Amino acid sequence: MATKPSYRLDLKRIPQHVAIVMDGNGRWAKKRGLPRLSGHNAGMEALKEIVKRSDTLGVKYLTVYAFSTENWKRPQEEVGGIFKLLVIYMKRELAELHANNVKVRILGDYSKLPADSVAALETAIEKTGDNTGLNFNIALNYGSRDEIMRAVRLLAAECCQGRKTPDQLTEEMMSRALYTGGIPDPEVIIRTSGELRLSNFLLWQSAYSELVFTDVLWPDFTPEEYERCIAEFQGRKRRYGGV
Ligand code: IPE
Ligand code: IPE
Ligand code: MG
């Protein structure tokens with residue numbers, strides 16, 4: 001007999017954009033006496049299920065933080081291992097993602113990744129480019145400050161070339177110049193593993209996002225826990241500075 005969930009998810013109020021900081025892979029592995037890379041591998045499996053559930057629930061945009069501009073500080077072996085897993089994930093999942101009409105987009109300067117990763121990502125972006133289902137955004141070599149600086153440089157160049165004056169710059173133009181240009185701001189950002197921070201993720205875009213934190217480590221994050229987090233978001237009162 002199926003047990004009734006302890007949360008109430010309103011299927012008519014599913015957020016259109018959910019962003020997730022997938023954290024806790026290393027601790028998940030450590031708890032089991034396994035190398036950190038096994039944690040990252042288990043994390044890929046968890047991600048697969050969350051992409052599927054996002055699609056079923058009718059989420060329009062799913063953005064996941066996979067590798068930050070700060071994660072290069074980790075041992076070379078772990079960094080290289082993460083990118084190897086990424087290639088495996090992309091190659092293995094691409095056909096199914098495409099069959100499910102998922103559109104893959106990368107946020108961040110992924111040209112700095114190893115050549116085989118860049119190639120696998122480009123194949124995925126090209127193949128799914130015309131898809132109209134779930135927008136699956138993967139933040140890779142992504143950092144919000146890096147993203148904001150890049151946007152500022154683009155707008156500054158417009159001014160230097162005389163196409164705009166500083167007074168004419170708007171928040172709209174700034175939003176469009178970010179990696180997330182054209183994507184609505186996330187209504188909710190979920191972070192797993194009990195850490196209560198954004199770690200340089202979507203700083204501009206999260207101005208009015210609801211933040212949901214769960215102690216569950218990313219590899220243990222199930223579609224049920226995902227729904228519980230969305231239900232928690234649905235229970236929030238959003239005021240946007242009003243009354
Ligand atoms: C998140 O898990 C994945 C990446 C940052 C690439 P971590 O590797 O940060 O796991 P913890 O935080 O050490 O447990
Ligand atoms: C944030 O997790 C980055 C990703 C999940 C990709 P980190 O584990 O790198 O963040 P900190 O170091 O705990 O802030
Ligand atoms: Mg971490």
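Below, the figures for the structure above:
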item	result
Within segment 54-83, considering residues that are under 15 Å from the mean Cα position of the chain (by Cα) and more than 13 Å from ligand 2 (Cβ to nearest atom), the one surrounded by the fewest Cβ atoms within 10 Å (Cβ to Cβ)	Lys60
Yes/no for Lys48 being within 28 Å of Trp204 (Cα to Cα), of a type in the set (Lys, Arg), under 18 Å from the mean Cα position of the chain (by Cα) and part of a helix (DSSP H, G or I)	yes
Scope segment 213-228; condition crowded, with 22+ Cβ neighbours inside 10 Å and under 16 Å from Val59 (Cα atoms); matching residues	Tyr226
Residue list for segment 4-28, restricted to those being among the small types (Gly, Ala, Ser), in contact (Cβ under 8 Å) with a residue 40 or more places away in the chain and surrounded by 14 or more Cβ atoms within 10 Å (Cβ to Cβ)	Ala19, Gly24
Those residues of segment 9-45 which are within 16 Å of ligand 2 (Cβ to nearest atom), assigned to a helix (DSSP H, G or I) and of a type in the set (Gly, Ala, Ser), in sequence order	Gly26, Ala29, Gly39, Ala42, Gly43
Any hit, segment 219-226, residues being part of a loop (DSSP other than H, G, I, E, B), in contact (Cβ under 8 Å) with a residue 60 or more places away in the chain, away from ligand 1 (no atom under 15 Å from the Cβ) and of a type in the set (Val, Ile, Thr)	yes
Subset of segment 166-212 [basic (Lys, Arg) and either buried (at least 16 other Cβ atoms within 10 Å of the Cβ) or in a strand (DSSP E or B) (or both)]	Arg191
Breaking point among (1) under 16 Å from the mean Cα position of the chain (by Cα); (2) of a type in the set (Lys, Arg); (3) more than 16 Å from ligand 2 (Cβ to nearest atom), for Arg191	(3)
Residue match in segment 83-101 (condition: charged (D, E, K, R), within 22 Å of Tyr226 (Cβ to Cβ) and part of a strand (DSSP E or B))	no
Yes/no for Glu147 being closer than 20 Å to Met22 by Cβ and either buried (at least 17 other Cβ atoms within 10 Å of the Cβ) or within 16 Å of ligand 1 (Cβ to nearest atom) (or both)	yes
Candidates Thr63, Thr69, Thr56, Thr3, filtered to the one that is over 20 Å from Ile190 (Cα atoms) and not acidic (Asp, Glu)	Thr3
From the options Leu154, Leu107, residue that is among the aliphatic types (A, V, I, L, M), within 20 Å of the chain's Cα centre (by Cα) and at pLDDT 95 or above	Leu107
Those residues of segment 22-73 which are β-branched (Val, Ile, Thr), under 28 Å from Asp10 (Cα atoms) and out of contact with any Pro (no Cβ under 7 Å at 6 or more places or on another chain), in sequence order	Val51, Thr56, Val64
Pairs, first assigned to a loop (DSSP other than H, G, I, E, B) in segment 139-164, second within 16 Å of ligand 2 (Cβ to nearest atom), C-beta under 6 Å, six or more apart	Gly143/Ser68; Gly143/Thr69; Gly143/Asn200
Residue within segment 112-119 that is under 15 Å from Leu86 (Cα atoms) and in a loop (DSSP other than H, G, I, E, B) present	yes
Subset of segment 1-20 (residues that are within 16 Å of ligand 1 (Cβ to nearest atom) and out of contact with any helix residue (DSSP H, G or I) (no Cβ under 9 Å at 6 or more places or on another chain))	Ala19
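The values are calculated or read from the model by the stated rules, or taken from the named source; none is laboratory data. Keep in mind that this is a model prediction, so the values were computed, not measured. All Cβ positions, glycine included, derive from the backbone under ideal geometry; neighbour counts span all protein chains shown.
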